[in-house]
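The numbers here are math on the coordinates, done by the rules we state, and not lab data. Here the structure is a predicted model, which means the values were calculated and not measured.
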Amino acid sequence: EYVARMGGEEFVLVLPGFEPNVLEQKIEQLSRMVATVGTDVCGEELISISVGAAFYGSDGEDPEQLLTVADRRMYKQKNQHRELAVMPVKNWLRALTAAS
């Protein structure tokens, strides 16, 4: 197992032997933990994590390919988080527009 910081808030974990379904469960646990800690500290759910996984063989066979796939998946998830964050504002604006 190996952990490295890629940039500001980005980390890479190399986890040999993790199967996709096991990793998905671990990511979900970590996501809940981060949200809970953020709520405990800030009083509301302000913190989330975005994770992009890639698997040797099915997603690529060299580090560059694997990082590219994982990065693309992470940014897709990050964009989904942003969409969820602005959804209440969009709904409010729609309601306001419909009422006028």
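What is the gain in length, in nm to one decimal, between His81 and Tyr56 on full extension, counting 0.36 nm per residue of separation less the C-alpha to C-alpha distance?
6.4 nm
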For helix 63-99, what angle does its Cα long axis make with the longest principal axis of the chain, in degrees from 0 to 90 and rounded to 10?
10 degrees
Once normalised by the length of the chain, the mean sequence separation of its alpha carbon contacts under 8 Å that are 6 or more apart gives a contact order in percent of 15 percent
Can you give the calculated 222 nm mean residue ellipticity of the chain, where each DSSP H run of n ≥ 4 adds -39,500 (n - 2.57) and the sum is split over every residue, rounded to the nearest 500 deg cm²/dmol?
-21500 deg cm²/dmol
